[in-house]
Structure formats: structure tokens, C-alpha cells
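Okay, so here's the structure we're looking at.
The values are calculated or read from the model by the stated rules, or taken from the named source; none is laboratory data. Just so it is clear, the structure is predicted and the values come from calculations on it, not from any experiment. Neighbour counts are summed over all protein chains in view; Cβ atoms, including those assigned to glycine, are modelled from backbone coordinates with ideal geometry.
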Amino acid sequence: MNIILIGMNHKTAPLEIRERLSLTCGNDANHLAEIMKFPEIQEVLYLATCNRVEVLANAVDTAGAVEKLRAFIFHHGNLSAEEMARCLYLHYDDEAVRHLFRVASSIDSMVMGEPQILGQVKDAYRTAVEHNTTGVILNRVLHHAFRVAKRVRTETGIAHNAVSVSFAAVELAKKIFGSLEGKTILLIGAGEMSELAARHLLNQGVRKILIANRTYARALQMAENFHGTATDFDTLAEKLRDVDIVISSTGAPGYVITPPMIEAAIRRRKNRLLFLIDIAVPRDIDPAVNEIDNVYLYNIDNLQDIVDTNVKSRQREAEKAEAIIDDEVGKYHEWFNTLEVVPTIISLREKMEGIVKSELVKSGSWMQNLNEEEKKNIEILAGSIINKILHDPITGLKEESRENGALPYIAALRRLFGLDDV
Amino acid sequence: MDTMFLKAALAVYFVSVLGYVTSIYVRRVMVAKVSTWIFFLAFLCHTISFIFRYLETGHTPVISIYETLSFFAWAMAGVYLAFQPKTKTRVLGAFVSPVTFLLMIAASKGLEGYVSIPEVLKSNLVPLHVILSVTGEALFALASFAGAMYLIQEGLIKNKKVSGFSRMLPSLSDLDRINHFCLMWGFPLLTLGVLVGSLWARTAWGSHWQWDPKQVWTLVAWVFYALLLHQRLAIGWKGHKAAFLSLLAFAILLVSLVAINLFFVTAHSFI
């Protein structure tokens, strides 16, 4: 195996260095062409995101290729030698494959389990395919990586459970209401986190959003952003009657929502469930409202606690994911080993002989009328047909392998004759 | 033949209980899905055993106490399975399947061999009375399971313990909907069942109502259910109070179903 992976991520390199590299390179295809000019490199994939820059290559000459790639990064990233040593990691063969699998499965991500990275890897692969910079080896590695990512997602809980405050709020809302289709939110005050939570809720099918603010002009402006309705701050108590979810984040020094307000609203709303999210510090909603039947109040600390627990549980799931990846790296390695000429010839022969054997069994019913010698002759005939058919491909393979170019032929042969049971 | 299928049903119900319990333990939806299919298989065996029993004994097999227990289990399993695709609340199976299994164990104790039916029960009204009442009661049992799960889930949400067991439970709204639905259907069925029973009582005992302990307890439970339904439909009760009251009403109903036959002298006990 001559696979090399060189790169840097959020753990090894600070933002300013990562951005220097990804800015100059961008995510266009120029660098692919540039790398393909190195004679040491046969195939290459280039992946740049906000959190990482990675180059995956299949080399003819590993040492030479690494040197060229280092020079390439040095040149584009404008890095000092010391920075290069500190920020870059370099993996070979199985370890390079493992690293790619971990990246695609989002184990290596800043927010472990986040779904975007797989899409980014797929984009990078698409670019590489369009520019014809991948071949037998990288195609296989990448497709395998996509499969591994899917397996990790379905077999572990790595992507379960919200790891941001706003998503935690959405999950809670679902736990209370089931589906959020047709629900109504009331957003009181402004703030990045509350607006983010409102956006997530809207994405989940919330039908209507009311916006209240001390300054009505601001409410109007936000209402426009959210395609919602601005409402008067003084009529809050009334509005509580009609909404299902309240997100509050005002700068008010005291409580904006009090138990008597909620009690009155709950009676008028015929006990429909009410979910209150208090993101403000100091708090907007009197904690005593949580005691009221069918009312559920969460403040920013409660949500943060949920997030912390979920982060820990994702870390536990990551251990399971590592085991899956171990297993898959092993499988990749096995496949790679089959890319030798001799085992391929053997399995091709076995496949053919298997076919002859099973066809002879199938024909047993009419062949019983033949005598032993005739049967023998049929078997000999079938055997020599195999030999004749296989003669040219096997000779061709052997010739190619002497010139070191057999890999694509082997891979094509294995694919066309179905010699890999994957 | 009927006992063979009954035993098969019992065994398969047991497997589904194991499946559901495992699904809670390992927290995998797949395991719960498979358990639901196993539960369905058990239900089919159970249904076949009813058909054979009907063919072999010649009476609708809901007369003896054991037959009734078996029918109760069957009705509950059937209603749960009918719901299941709509509500996607497989975890409810972890409540329903063990109860079904226990009822089946109790039922299987007395279902072997032929039961001779007293002359007085040979009326078409008797099976009708049992089928209506028991189906109503099975729906109430499901309502109470949903109510119990509601109270658990609500307690977890109120106390901010949402990272663990809470994930396994359905949302509050879904549980409330199941509770509501089961009450809406259970109540008229039980009411009709009692009415048919009293029609029969007129022919057998000479009066519609006996003030027998079993009747009285059932009446008390019925009043509670009537109250609950009224609060739900007219006052708009939802959630916590409704869940709690459905549990309380079912507890009273259980007294009438179980305790009365064991500890009281009742005219309502036959075979």
C-alpha cells in the first residue's frame, strides 16, 4: 500500500494557520492539477473545510511524494518550518485509511457526530472524480469511507441527542408535543440563542411565530425576518392563551412571566400543554410556574446540563465507532491484499471451475443416459473451454504485472467477474 | 388443538416480553420492532386457539373465568397492535406484553379439557355481555398504561431528567392521545356490556340489578370513568390530571375484576 494522508485539523493547528492554507487553496480544483503534476503521485483527493485541510494521495514513491506534498503546503500556507512540524500530521497506509474513516464518520469533528463533514468529503471526492485525479485505490477507499460513515451513524448513537442549547430546546419540545406541526411560538425579547432556537423550531414545522419586544419597532423588524407577527409587549398575558412554546430572553431585571399569568392562561387554553424556555439572565420567568400542571419550564442552565450530558454520551458512543472503524480498516486491508496477480488468477479459476461443476450437476438428469466415458469427455471439453477462455486474460495480467501497471486490470477483473463478495 | 395453539401463543408471548425488555435495556428501535412482530405472531396463535376452541366446544369461548382472562389478554393485545402502526409507541409494548403474558399464564391454568356450562349461561346474551365488557376493560387497561407512562414521562421532564429513560418513552401529547382514545372507546363498550348483562340478569335472576359486590364496584369504576370523560370532553382536562384519574379508575375496576371473585361472595361467579 502506498497511501499517504497529510493534513491539519482544529486540534493540531490554530484557526489562523488553517485559514491561510484553505484561503489560498480554496476548494477549487487548481491545487488538484498542481499535485497531479508531481510524478510521484498517481491519485489525489483534496479536502478543505473550516476545521481541516487534508490531502489524501496514492503514491508511486512514498518518500518522494511526502516531500512534494510538504513543499506544496509550505508554499501555499506560508508556514515556517516550526509551524509545519507542529501543525501537520502524516499517516501512511492503514493509518491513513483509518484517519479518513474517522473524518468521514465525524469522530474527528469539532462537534463530534455533526452531519456536515460527510457531505464535505463527498463534495471533495466529486471534485476529484470530475478532474480525474482518483483511480482504483482512492475510489475504493472513498466508497468504503462512505459506507463506514453510514454504518457508524446507524450502529452507534454518535449523532443522537442535541449538543447545542437551541437543539436541546427543540428536542424537549418534541418530547412534549410529539410533532411540532402547526404549533405556535411566542418569542419575547431578542438574542442570538433565542432566535436560533426559534429558527430550529420553525424548521420543524412550527406554523406561526409571534414576536414581542419592549420596543415595538424592533419587534416589527424581527417579525419581518421570521415571517412572523409582531405583538404588543403589554398584551403578553393574553397571548399566552394561544401559543404552545414561549422563548424568553429580555434584559428585564425582574420576572416578565409570573405564576398568576400562567394559571389564568392555562384555564383559558383548556389545559393544553405549554413549554416555556427562559434563556435570559437574570431570569424572565418565575421558576414557580414549573409547579403548575401541564406547564414545563426550562432555563438556560437546565438546557446546558442536557447538552453536557449529551456530549458525554456521544463520547461513549465514539468508542463503539472506533471499534467499527478498526473492523473496517481490517476489511480494506484484506481487499488491498487481493489486488495481487496470483490470488486473482486463482480465484478466477476457482470461480470458473465452480460454474462448470454446478452446471454438470444440473445436467445430471439427462446425462445419466450416457456412459462413463462420454461423461468424462464432456468434463474434459468443459475444462479445456475454461482454459482457452482464461488463457489471454491471465497472460495479459502477468505481462502487465511485470510492468507494474496491473492494479487497474486486477481491480476491473475482480469487479467484472464478481470476485469480491462485498 | 386449541390448547396446543394456546401453549404456542403463551410461549411466543413470552419471547416477545423478553424482546421488549431487551429493547429497553439496549435502547435499540430495531429490537422493539422485531418484538412487535413476535407479539403479533403470538396474537395470531392466540386467535387461532380461540377459533379452535369455539369449534371444539360449541360455545363462544368467553364463559369461564379462564376463558375470560384469555379473551381479556387477546383484546388488549389486539387493541395495542391495532394502534401500534399509528402511534409508533413500541415502548408501550413493554407494558402490554408482560401483562398479556401473565393473564395468559393465569388463563392457561384452567383451559385444558372440556368445561360444562351451567344451563343458566346458555344464552346468547352472555357471550355478548362478556365480549363488550371485556373489550371495554382492555381499552381501559391500555388507557391506564398510557396514563402511567404519561406520569413517568411528565415527572422526568418536570424534574429535568430527560437524558436517560425519558428517551424511551413517547411524547406527552402522544400518550395523552392514546389515553383519550382508549377512554372514548372503552366507555361506551363497557356501558353496553353492563346493559346487556342486566338484560340477561332479568331472564336469569328475575331483576335487572342485584347490588352484588361485583356490580357495585363496577358501577363505582364506571362512575369514575364517566366523570373522567366528562372532565375531558366538557372541561377540557388534559395531561396530568386525566392520566392520574384514569389510573385511579382502573385501580377500582381491577378490584371488581380480580379481588371480588377472590375475597367476596358474589352471585356473579359461575365457573
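Quick one: in the stretch B:155-178, of everything that is touching a Lys or Arg at 6+ places or on another chain (Cβ under 9 Å) and touching a residue at least 24 places away in the same chain (Cβ under 8 Å), which residue is farthest from the other protein chains (Cβ to nearest Cβ)? Only one residue fits best here, namely B:M168. Within the stretch B:78-85, identify whether any single residue is of a type in the set (V, I, T), surrounded by fewer than 16 Cβ atoms within 10 Å (Cβ to Cβ) and either on the phi > 0 side of the Ramachandran plot or touching a residue at least 24 places away in the same chain (Cβ under 8 Å) (or both), and answer yes or no. There is no residue in the stretch B:78-85 that is of a type in the set (V, I, T), surrounded by fewer than 16 Cβ atoms within 10 Å (Cβ to Cβ) and either on the phi > 0 side of the Ramachandran plot or touching a residue at least 24 places away in the same chain (Cβ under 8 Å) (or both).
The residues on offer are A:L202, A:L180, A:L186, A:L172, and the sole one that is touching a Gly at 6+ places or on another chain (Cβ under 8 Å), of a type outside the set (D, E, K, R) and either crowded, with 19+ Cβ neighbours inside 10 Å or in contact (Cβ under 8 Å) with a residue 12 or more places away in the chain (or both) is A:L180.
Does the stretch B:137-150 include one or more residues that are at pLDDT below 95 and more than 22 Å from B:L227 (Cα to Cα)? Scanning the stretch B:137-150, I find no residue that is at pLDDT below 95 and more than 22 Å from B:L227 (Cα to Cα), so the answer is no. Among the residues that make up the stretch B:131-139, is at least one of them surrounded by 19 or more Cβ atoms within 10 Å (Cβ to Cβ), under 30 Å from A:D301 (Cα atoms) and not polar (S, T, N, Q)? No, the stretch B:131-139 contains no residue that is surrounded by 19 or more Cβ atoms within 10 Å (Cβ to Cβ), under 30 Å from A:D301 (Cα atoms) and not polar (S, T, N, Q). Filtering the stretch A:224-238 to residues that are within 17 Å of A:D286 (Cβ to Cβ) and in contact (Cβ under 8 Å) with a residue 40 or more places away in the chain leaves only A:L236.
Restricting B:I38, B:I63, B:I51 to residues that are outside the structural domain of B:R177 (by TED's automatic domain parsing) and assigned to a loop (DSSP other than H, G, I, E, B) narrows the list to B:I63. Could you tell me whether any residue of the stretch B:49-64 is in contact (Cβ under 8 Å) with a residue 60 or more places away in the chain, surrounded by 18 or more Cβ atoms within 10 Å (Cβ to Cβ) and closer than 14 Å to B:T100 by Cα? There is no residue in the stretch B:49-64 that is in contact (Cβ under 8 Å) with a residue 60 or more places away in the chain, surrounded by 18 or more Cβ atoms within 10 Å (Cβ to Cβ) and closer than 14 Å to B:T100 by Cα. Scan the stretch B:83-106 and tell me whether some residue there is over 25 Å from B:W185 (Cα atoms), not assigned by TED's automatic domain parsing to the domain that holds B:F181 and not acidic (D, E). Yes, the stretch B:83-106 contains a residue that is over 25 Å from B:W185 (Cα atoms), not assigned by TED's automatic domain parsing to the domain that holds B:F181 and not acidic (D, E). For the stretch B:50-97, the set of residues classified as more than 27 Å from B:S35 (Cα to Cα) and hydroxyl-bearing (S, T, Y) consists of B:Y54, B:T57, B:T60, B:S64, listed by residue number.
Of the residues in the stretch B:198-211, not one is among the charged types (D, E, K, R) and crowded, with 18+ Cβ neighbours inside 10 Å. Taking the condition outside any loop (DSSP other than H, G, I, E, B) and touching a helix residue (DSSP H, G or I) at 6+ places or on another chain (Cβ under 6 Å), does A:V163 pass? Here the answer is no, as A:V163 does not meet what is asked. Checked against the criterion of being farther than 15 Å from B:S144 by Cα, buried (at least 18 other Cβ atoms within 10 Å of the Cβ), over 22 Å from the mean Cα position of the chain (by Cα) and away from every other protein chain (no Cβ under 14 Å), the stretch B:212-235 contains one or more residues that satisfy it. Restricting A:G330, A:G354 to those that are more than 14 Å from chain B (Cβ to nearest Cβ), surrounded by fewer than 20 Cβ atoms within 10 Å (Cβ to Cβ), free of Cβ contacts under 8 Å to residues at least 60 places away in the same chain and under 22 Å from the mean Cα position of the chain (by Cα) reduces the list to A:G330. Applying the condition of being of a type in the set (V, I, T) and more than 14 Å from chain B (Cβ to nearest Cβ) to the stretch A:147-157 and asking which residue is surrounded by the fewest Cβ atoms within 10 Å (Cβ to Cβ) yields A:V148.
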